[in-house]
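Trainee: Please read through the structure below; I'll follow up with questions.
The values are calculated or read from the model by the stated rules, or taken from the named source; none is laboratory data. Since the structure is predicted, the reported quantities are computational estimates derived from the model, not experimental observations. Because the Cβ atoms are built from the backbone with ideal geometry, glycine has one as well, and the counts that use them run over all protein chains shown. Ligands, DNA and RNA are excluded from the accessible area calculation, which covers all protein heavy atoms including side chains. Shrake-Rupley method; radii C 1.70, N 1.55, O 1.52, S 1.80 Å.
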Amino acid sequence: MNTKIASFLEERRPETPCLVLDLDVVAGNYQALAEAMPDSRIFYAVKANPAPQILSLLAAMGSCFDTASVVEIRDALAAGATADRISFGNTIKKRVDIATAYALGIRLFAFDSEAELRKIAEVAPGARVFCRILTSGEGAEWPLSRKFGCEPCMARDLLAMAPGLGLDAYGVSFHVGSQQRDTGAWDKALESAAGIFRDLAAQGIELKMVNLGGGFPTKYLKEVPTPEAYGRAIDASLRQHFGNRLPETIIEPGRGMVGNAGVIQSEVVLISNKSANDNTRWVYLDIGKFGGLAETMDEAIRYPITTIHDGDAAEPAILAGPTCDSADVLYEKNAYPMPVSLAIGDKVLIHGTGAYTTTYSAVAFNGFAPLQAYYI
Ligand SMILES: *Cc1c(COP(=O)(O)O)cnc(C)c1O
């Protein structure tokens, strides 16, 4: 853990559970991504962590913002971003929200279906639209399934309709799956995107932009490639599929921007066994799936966990949260090695928790307060 967060915890001794996030780490991540992909504009995926401190910092550094709702748009504007630096990237939007976004000056919208395209045409005339295509999500630890995107041939047909509806057919987007540890994962989608660009050019429509989405990882237990490695792989794919007619590109990092900036401090509430002759320990923390650790669903994201007893002998334990819901178990199929000396009341640090935690914490399930957060 970095010394800034360590001294904050030492000096302030905040009540647990809480997230402490180091804004300097976010600034470093922004810089590293900008340097690794100098030809792409960065649209921070606000949903990863919408704290005003993060949004203001990134706005001041020159970041653009990808938003999922009117509230996120207003938050990005309040943080100092102008409307031309904000995209409405959710493919599932109410008509009234598209209209509100348009009234706020937003002119860049995602879609992946004809019905959504028509909604945008009705209430956001002249806007730039980009169509999201399906990807396999292979290689991602938090895949995004088939919920978003359409087949490339459908994207081609819908983009071809856009000018007739009074919209600016602007480009293609995709998301290769979150926590994507394969730097080559962008290649197939870029090949599809280039095909769509060619087909539309043949119809006299010049698409301009490829939105490369998120997927840039944060380090949990396993090593992850550097931003430069992603930049190199994506650049090579772009050149291979688009030749010397490179499109404008944008990236939408969420996890890769804020994940490693945060640490959650938690406390052991109970350690128990289920029978006298079963020595499997159940370790209950004061945070679980409903307190912000929702990404432990199916044990997908495995956070690094440390305690003051690290170095002592460790044995696998079942880790669970404090609520009266049987789904509130963090790691059971793959039990988590925890020090044998761990005791009730000990602090437990859960690392890499800057993304997708605070906003996933329930408002008052079982009476527990939403995850407290400090941005330092
Ligand atoms: C969630 C999301 C992102 C961020 O993804 P990460 O894997 O966290 O970088 C980017 N773009 C869109 C459209 C998203 O929905």
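Trainee: Taking Met338 and the conditions (1) buried (at least 19 other Cβ atoms within 10 Å of the Cβ); (2) at positive phi, which numbered condition does it fall short on, given that it satisfies the others?
Mentor: (2)
Trainee: For Arg198, are the conditions met, namely being in the same structural domain as Lys147 (by TED's automatic domain parsing), within 13 Å of the ligand (Cβ to nearest atom) and open to solvent by 30 Å² or more (accessible area, probe 1.4 Å)? Walk me through it before giving the result.
Mentor: Numbers: in the same structural domain as Lys147 (by TED's automatic domain parsing): yes; within 13 Å of the ligand (Cβ to nearest atom): no; open to solvent by 30 Å² or more (accessible area, probe 1.4 Å): yes.
The answer is no for Arg198.
Trainee: Ok, one more. What pairs come out if I take residues in segment 217-237 that are charged (D, E, K, R) and pair them with residues that are within 13 Å of the ligand (Cβ to nearest atom) whose C-beta lies under 6 Å away, six or more apart or interchain?
Mentor: Once the first residue is charged (D, E, K, R) and sits in segment 217-237, its partners that are within 13 Å of the ligand (Cβ to nearest atom) give Lys219/Asn260.
Trainee: Here's another thing I want to ask about it. Can you give me the number of residues within segment 144-167 that are surrounded by fewer than 16 Cβ atoms within 10 Å (Cβ to Cβ), farther than 20 Å from Ala201 by Cβ and not small (Gly, Ala, Ser)?
Mentor: Qualifying residue count for the region: 2.
Trainee: Checking the conditions here, which among Val283, Val176 is closer than 30 Å to Ala317 by Cβ, of a type outside the set (Phe, Trp, Tyr) and in contact (Cβ under 8 Å) with a residue 12 or more places away in the chain? Full working, then the answer.
Mentor: Details: Val176 fails: closer than 30 Å to Ala317 by Cβ.
Of the residues listed, the single one that is closer than 30 Å to Ala317 by Cβ, of a type outside the set (Phe, Trp, Tyr) and in contact (Cβ under 8 Å) with a residue 12 or more places away in the chain is Val283.
Trainee: Considering every residue within segment 240-248, establish whether at least one is open to solvent by less than 70 Å² (accessible area, probe 1.4 Å), within 16 Å of the ligand (Cβ to nearest atom) and not hydroxyl-bearing (Ser, Thr, Tyr).
Mentor: No, every residue in segment 240-248 fails to be open to solvent by less than 70 Å² (accessible area, probe 1.4 Å), within 16 Å of the ligand (Cβ to nearest atom) and not hydroxyl-bearing (Ser, Thr, Tyr).
Trainee: For residues in segment 211-229 being within 13 Å of the ligand (Cβ to nearest atom) and among the aliphatic types (A, V, I, L, M), which is nearest to Gly243 (Cα to Cα)?
Mentor: Among them, the one singled out is Leu212.
Trainee: Now for a separate question. Taking the options Ile73, Ile92, Ile106, name whichever one is at pLDDT 95 or above, within 30 Å of Pro52 (Cα to Cα), assigned to a loop (DSSP other than H, G, I, E, B) and open to solvent by less than 10 Å² (accessible area, probe 1.4 Å). Full working, then the answer.
Mentor: Details: Ile73 fails: assigned to a loop (DSSP other than H, G, I, E, B); Ile92 fails: open to solvent by less than 10 Å² (accessible area, probe 1.4 Å).
Going through Ile73, Ile92, Ile106 in turn, just one is at pLDDT 95 or above, within 30 Å of Pro52 (Cα to Cα), assigned to a loop (DSSP other than H, G, I, E, B) and open to solvent by less than 10 Å² (accessible area, probe 1.4 Å): Ile106.
Trainee: Quick check, is Glu141 away from the ligand (no atom under 16 Å from the Cβ) and either assigned to a loop (DSSP other than H, G, I, E, B) or open to solvent by 10 Å² or more (accessible area, probe 1.4 Å) (or both)?
Mentor: So Glu141 does not fit the description; no.
Trainee: Please enumerate the residues belonging to segment 37-53 that are open to solvent by less than 80 Å² (accessible area, probe 1.4 Å) and within 14 Å of the ligand (Cβ to nearest atom).
Mentor: Correct list: Met37, Ser40, Ile42, Phe43, Tyr44, Ala45, Val46, Ala48, Asn49, Pro50.
Trainee: From the set of residues in segment 278-321 that are among the polar types (S, T, N, Q), more than 18 Å from the chain's Cα centre (by Cα) and at pLDDT 95 or above, which is least open to solvent (accessible area, probe 1.4 Å)?
Mentor: This residue is Thr307.
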